[in-house]
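I have placed the structure first, in the form of structure tokens, so that the comments after it can refer back to it.
The values are calculated or read from the model by the stated rules, or taken from the named source; none is laboratory data. The structure displayed is predicted, hence computed values, not measured ones. Counting neighbours? That spans all protein chains shown, and the Cβs are built from the backbone with ideal geometry, glycine included. To get the accessible areas, we keep the full protein, side chains included, count just its heavy atoms, and leave off ligands, DNA and RNA. Shrake-Rupley method; radii C 1.70, N 1.55, O 1.52, S 1.80 Å.
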Amino acid sequence: MNEARRKSALITGATGQDGAYLAEFLLAKGYVVHGIKRRSSSFNTGRVDHLYRDPHEAGIRFHLHYGDVTDATNLIRVVQETQPDEIYNLAAQSHVQVSFETPEYTANADAIGTLRLLEAIRILGREKQTRFYQASTSELYGKVQETPQKETTPFYPRSPYAAAKLYAHWITVNYREAYGIHASNGILFNHESPIRGETFVTRKITRAVAVIELGLQSKLFLGNLNAKRDWGHARDYVEGMWLIVQQDEPDDYVLATGEAHSVREFVEKAFTRIDRTIVWKGEGTQEKGIDEDSGQVLVEIDPRYFRPTEVDYLIGDPRKAHN
């Protein structure tokens, strides 16, 4: 493909799970991909290192830029320099539990960060040139008002993370309607992979099972075992992001599997991978997951992992996106 005519994309949060898979996906499509990474004194690019090429080589199509969605001047400069056809805003303080401890930072990054990017498009006069994707979340539904949840289901956020994402969702709709920007929200239900952050419950469980099998850890501590989530694979969901941006008209879409499973079930299935059968004994915070054969306690409840306001049951209706 002629370098001058290649599509270009800018990904905030390029070093995260979704950013890494999306960068890989877009490069395979022939895009030039620009990613924003935060400055850190330790290496934080492990998920995209395989995409990196020496800048002295010819025809480089993957570029990383230092930046942060809390820095408006930086975002305007990066958008001006890269002139992207598409912007995917995947940057966020994305941990729900952590958002209760850092609510102001979460609002700054997740809510106002989205506004800063939309303003960069507007200030630079790129309303007709740049398409925008905002990473919305199933956490918007929180205390669910309808099951399954679809695009028209009322939102009821139950964490500082979800409340910040609610602002981001509606400011994206507002800029679409006010300025004619091709700006869309992907309301994505939980999506996981081997490169998911290790503080998220799925990776916490699978990693613990592995280290217990290796004899490096004796047990796993968890919070709400009965929470149910609609879990998909991140690789599929980044393709969904791209498809949303390719639509003739901007719109908002739920991406989900339409199937829900509990954390308890996830634990049981993970332990079967090392030939351990979990049986549950006790109730509430005293409940324990015990190895049926050896009697060893493998899972315990730690009340510190309960959220101040719980989200018990999320399951998406992806028919609009599917159609």
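In table form, for the structure just shown:
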quantity: Dipole moment magnitude, nearest 20 debye, the chain about Cα centre, only Lys, Arg, Asp, Glu C-beta charged; calculated: 540
quantity: Among 151-157, 269-275, 7-13, 303-309, the order from most to least packed when residues are scored by Cβ within 10 Å on average; calculated: 7-13, 151-157, 269-275, 303-309
quantity: Charged-residue dipole, Cβ positions (Lys, Arg, Asp, Glu), the range 3-132 about Cα centre, Debye nearest 20; calculated: 440
quantity: Cα gyration tensor of the range 217-262 - equivalent ellipsoid semi-axes, whole Å, descending; calculated: 33, 13, 8
quantity: For the range 1-158: accessible area per residue (Å², 1.4 Å); calculated: 47
quantity: DSSP-defined beta bridges in the chain - what % are antiparallel, rounded to 5; calculated: 20
quantity: Rounded tilt (10° steps) of 234-246 against the dominant C-alpha axis of the chain; calculated: 30
quantity: Carbon plus sulfur fraction of accessible area for the chain, probe 1.4 Å, in percent; calculated: 49
quantity: Degrees separating the helix 113-123 axis from the principal Cα axis of the chain, which is the longest one; calculated: 10
quantity: Spatially close lysines, pair count over the chain: Cα under 14 Å, gap of eight or more or interchain; calculated: 6
quantity: Largest to smallest accessible area among 225, 243, 216 [probe 1.4 Å]; calculated: 216, 243, 225
